[in-house]
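Chemist: Here it is, the structure in full.
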Amino acid sequence: MSFISYLINGVSLGSVYAIIALGYTMVYGIAKMLNFAHGDVIMIGAYVVMAAISGAGLPPGVAVLLSIVCCLILGIVIESVAYRPLLNAASSLAVLITAIGVSYLLQNVALLIFGANTISFDSVVSVPAVTLMDGALTITGEAIVTIVSCIVIMIALTLFISRTKSGQAMRAVSEDKGAAQLMGIHVNGTIALTFAIGSALAAIAGVLLCSSYPSLNPYTGAMPGIKAFVAAVFGGIGSIPGAFIGGILLGVIEIFGKAYISSQMADAIVFGVLIVILLVKPAGILGKNVQEKV
Amino acid sequence: MAMLEVKNIEVYYGMIQAIKGISFEVNEGEVIALIGANGAGKTTTLHTITGLLSPKRGLVMFEGNDITKVPAHKIVSLGMAHVPEGRRVFAELTVYENLKMGAYTRKDRGEMEQTIAMVYDRFPRLKERKNQLAGTLSGGEQQMLAMGRALMSKPKIIVMDEPSMGLSPILVNQIFEIIEEVSKSGTTVLLVEQNAKKALSIADRAYVLETGNIVLSGDAKTLMDDDSIKKAYLGE
């Protein structure tokens, strides 16, 4: 039974990676930049929830909504202040380095406000655990909520991208900004919307992550952020289903690695997988090999 | 009053001056050709008109309003559509979705479907392939899609950049017939072309650009008989 329970844990962790990876992949698809501060937005989201619940005494549902709104605004501010002035810079490295800078900035702001101590995060999930097969298999409420949230987000996002006008504008902008402008699409507005969605998802990911792994410090977002980036590359950066598949696979590999190989080696295994994937299929599982048509 | 007036625009790419103060006008209902060799500044001029570039000096007036500083994404709703050089259709979107993008600024869905039907009428090929990804179309079909997409905004004036580029002679003829039809149906046309012969044959008036200056202008038929034009652009 332990195999199934590891698998469920893996899918649950992978669901968190998938939700974070969406933010990476959407921003990359549209702004063609890697937002390395994305992981730290997760941490901010978790702190907002914690402060709202234990500080202001808000109910968990309201706290999560507040956190989503805060991160959404944070995402828009980061994009407009730090990245937009550099999007047309001669070197794409400028914006990449700025993203790393924003990442440190967020970590240090959290250090200043919340201190360096790791605090325990009270789960916001009130769904009871499910026990199956006469107690041989227990699925935590957190795992259920995480997996369900991930599936709902995936479906909602796919519908948004394919059916709504804003979603189609996003696809147009990701392909050709100039032509999109000629259609009357406000390109900067579309990029800001993408950051807003990605950051709101990061808030959700932060809450889910800290509910399952209940410790929080200013560096909590960094490692999941990097791993979600790996998941996005793994699945094919720029591809939304790719982020989903990459995230789930990565979570399962990590948990199986911890369970069957070595818990110290788990991260090395995760990054080893990235190297192998990049050697075999540089564009990722669902990535496209872009060919210019002349 | 001219529908579109370009007054003394000067455009720079960094330190390099691409357009050295040109002026011209397009009247309602006309087909105007802008001809010239590679690098003469034709595309730069169009990009300046539709807001993708902004001039260092000079004005662009549309229906009496100064649109020099209006950003590209707001130009469409004023009634000006731009068919860019190299077609630039959205390869990952279907033909139908591409057409819908062309109507992005329009609110009325019912009217939009009507316009799509009109575009399918004009380009039956697009109707046959409406659910196909635009990237899988041939060059000629992509050009038709780019033109159809521009017509989706119901423009008063349509600006076309090298519509015949890279197409076979038969398709070139077809594309020019369509441009004439578009003009007859009441849309003003500003056409940039390297194929001067074809452009002059359907244009009312034309301007000849050379390294950022207008060197010659006038009635298209007269220009076609001009010796210097014959030598430089018509290969006679």
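Chemist: To the nearest µm²/s, what D does Stokes-Einstein give for the range B:1-78 at 25 °C and 0.890 mPa s, using the Kirkwood radius over alpha carbon pairs as Rh?
Modeler: It comes out at roughly 192 µm²/s.
Chemist: Would you tell me the mean number of C-beta atoms belonging to other protein chains that fall within 10 Å of each C-beta in A:182-195, as a whole number?
Modeler: Average per residue, whole number: 5.
Chemist: What ranking of A:Met183, B:Met61, B:Met1 emerges when the number of other C-beta atoms within 10 Å of each C-beta is taken as an exposure proxy, fewest first?
Modeler: Ascending number of Cβ neighbours within 10 Å: B:Met1, B:Met61, A:Met183.
Chemist: Go ahead and set up a Gaussian network model of chain B, Cα springs under 10 Å, then flag whichever of B:Ala146, B:Ala117, B:Ala220 fluctuates most.
Modeler: Taking springs between Cα atoms under 10 Å, the residue moving most is B:Ala117.
Chemist: Moving on to the next point. Which number do you get for Rg(Cα) / (2.2 N^0.38 Å) in the protein assembly as shown?
Modeler: 1.17
Chemist: Comparing B:Ile16, B:Ile35, B:Ile214, which has the greatest mean-square fluctuation in the GNM of chain B with Cα pairs linked when under 10 Å apart?
Modeler: B:Ile16
Chemist: Another question, then. Tell me, B:Ser185, B:Ser54, B:Ser138 in order of fewest to most beta-carbon neighbours within 10 Å?
Modeler: Listing B:Ser185, B:Ser54, B:Ser138 from fewest to most nearby Cβ atoms yields B:Ser185, B:Ser138, B:Ser54.
Chemist: A follow-up question, please. Using only the alpha carbons, work out the radius of gyration and Dmax of chain B in angstrom.
Modeler: Radius of gyration, then largest Cα-Cα span, for chain B: 17.3, 52 Å.
Chemist: Taking only the alpha-carbon atoms of the range A:15-221, what semi-axes of the equivalent ellipsoid follow from 5 times the gyration tensor eigenvalues under a square root, in whole Å, largest first?
Modeler: 32, 22, 14
Chemist: Helix B:109-122 sits at what angle to the longest principal axis of chain B, using alpha carbons and giving 0 to 90 degrees rounded to 10?
Modeler: The angle comes out at about 70 degrees.
Chemist: For the range B:150-236, take the convex hull of the Cα atoms, compute a quarter of its surface area, and give me that in nm², please.
Modeler: Convex hull of Cα atoms, orientation-averaged projection: 6.3 nm².
Chemist: Could you give the dipole magnitude of chain A about its Cα centre, charging the beta-carbon of Lys and Arg +1 and that of Asp and Glu -1, in debye to the nearest 20?
Modeler: In debye, rounded to 20, chain A gives about 680.
Chemist: B:Gly218's amide H: which non-local residues (gap 5+, or another chain) put their own amide H closer than 5 Å, with H modeled 1.01 Å from N in plane and none for Pro or chain starts?
Modeler: The list, which skips near neighbours in sequence, is B:Ala206.
Chemist: Which order results if B:His73, A:His38 are arranged by neighbouring Cβ count within 10 Å, fewest first?
Modeler: The order, fewest Cβ neighbours first, is B:His73, A:His38.
Chemist: Taking the dipole about the Cα centre of the protein assembly as shown, with the C-beta of Lys and Arg at +1 and of Asp and Glu at -1, give me whichever of A:Ala232, A:Asn217, A:Ile144 is farthest to the positive side.
Modeler: In the protein assembly as shown, that residue is A:Ile144.
Chemist: Round to the nearest 10 and give me the degree value, 0 to 90, for the angle of helix A:165-175's Cα axis relative to the longest principal axis of chain A.
Modeler: On a 0 to 90 degree scale, this one is about 70.
Chemist: Among the listed pairs B:Lys154/B:Lys198; B:Lys107/B:Lys184; B:Lys198/B:Lys231; B:Lys156/B:Lys197; B:Lys184/B:Lys231; B:Lys74/B:Lys130, give every one whose C-alpha distance is greater than 22 Å.
Modeler: Cα-Cα > 22 Å for B:Lys154/B:Lys198; B:Lys107/B:Lys184; B:Lys156/B:Lys197; B:Lys184/B:Lys231; B:Lys74/B:Lys130; rest within.
Chemist: A follow-up question, please. Could you work out how far the C-alpha centroid of the range A:209-225 sits from that of the range B:175-212, in angstrom?
Modeler: 62 Å
Chemist: From the helices alone, meaning DSSP H stretches of at least four residues, give me the mean residue ellipticity at 222 nm for the protein assembly as shown, per-run term -39500 (n - 2.57), in deg cm²/dmol to the nearest 500.
Modeler: -17000 deg cm²/dmol
Chemist: Let me ask something else. Among all the lysines, which ones have a C-alpha under 18 Å from B:Lys20's C-alpha, if same-chain residues fewer than 8 places away are not counted?
Modeler: Within the straight-line cut-off, B:Lys20 pairs with B:Lys7, B:Lys42, B:Lys56.
Readers should treat all values here as calculations from the given coordinates under stated rules, not as data from a laboratory. In this text the structure is predicted, and so the values were computed from the model without any measurement. Cβ atoms come from the backbone with ideal geometry, glycine included; neighbour counts cover every protein chain shown.
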